[in-house]
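The structure appears right after this line, and notes come after that.
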Amino acid sequence: MSNIVWKIKTFDEFTVPELYAVLKARVDVFIIEQNCPYPDLDNYDQKAVHIWAEENGEVLAYCRIFDKGIKYEETSIGRVLTTEKARGKSLGKLLIKYAVDTIENRFHTPEIRISAQDYLLKFYGDFGFVDTGKKYLEDDIPHTEMIRR
């Protein structure tokens with residue numbers, strides 16, 4: 001895993017191959033692996049900053065971040081994934097670290113709200129996210145809203 005390149009881009013900065021690779025990773029993880037037909041292309045990508053790790057053009061970890069007032073009143077992180085072949089290599093931790101750093105640097109706030117799959121509550125807790133108590137099913141997967149201040 002030595003040829004990993006991290007990228008941070010707005011929608012308009014994507015090359016076509018990069019966009020394809022990111023969307024493929026999202027479909028592979030969220031739709032195929034989690035067996036969940038849902039509208040991944042939600043017209044929010046255009047408003048997001050995208051952060052991902054790739055190796056030889058293949059996406060290994062990805063998320064998108066939003067400034068205040070787009071998804072929530074606070075900034076937010078979403079579509080967080082690590083692809084199957086990249087798991088167990090701590091790329092997810094690096095991804096969230098970069099996401100938090102990017103939000104603090106670009107959007108000038110420590111406040112971030114996320115919708116976390118429940119099995120990741122401790123993972124996000126390690127980054128200072130706190131359970132808000134707001135729990136719900138999204139596409140049959142239990143989620144909890146978390147906030148970092």
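Here, each number is a calculation from the coordinates, and none is a lab measurement. If you're wondering where the values come from, they're calculated on a predicted model, not measured in any experiment. Don't worry about glycine lacking a Cβ; one is built from the backbone with ideal geometry, like all the others, and counts go over all protein chains shown.
Tabulated values for the structure
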{"read-out": "J(HN,Hα) series, the stretch 27-32, from Karplus relation 6.51 cos²θ - 1.76 cosθ + 1.60, nearest Hz, glycine and proline x", "value": "5, 4, 7, 7, 9, 7"}
{"read-out": "Formal net charge of residues neighbouring residue 72 (Cβ-Cβ distance under 10 Å; K, R +1; D, E -1)", "value": "-1"}
{"read-out": "Over the chain: helical MRE at 222 nm, DSSP H runs n ≥ 4 each giving -39500 (n - 2.57), nearest 500", "value": "-5500 deg cm²/dmol"}
{"read-out": "Protection-proxy order for peptides 35-42, 108-115, 72-79, each taking the mean of Cβ atoms within 10 Å per residue, highest first", "value": "72-79, 108-115, 35-42"}
{"read-out": "Point-charge dipole on Cβ atoms (K/R +1, D/E -1) for the chain, about Cα centre, debye to 20", "value": "380 debye"}
{"read-out": "³J(HN,Hα), Karplus 6.51/-1.76/1.60, whole Hz, each residue of the stretch 104-110, x for Gly, Pro", "value": "5, 7, 8, 10, 6, 7, x"}
{"read-out": "Of 47/68; 68/97; 7/89, pairs whose Cα-Cα distance is over 22 Å", "value": "none"}
{"read-out": "Additional length obtainable on full extension of the chain from residue 137 to residue 28, 0.36 nm per residue less Cα span", "value": "37.2 nm"}
{"read-out": "For the chain: relative contact order, % (alpha-carbon pairs under 8 angstrom, 6 or more apart)", "value": "18 percent"}
{"read-out": "The chain - convex hull of alpha carbons, volume per residue in Å³", "value": "110 Å³"}
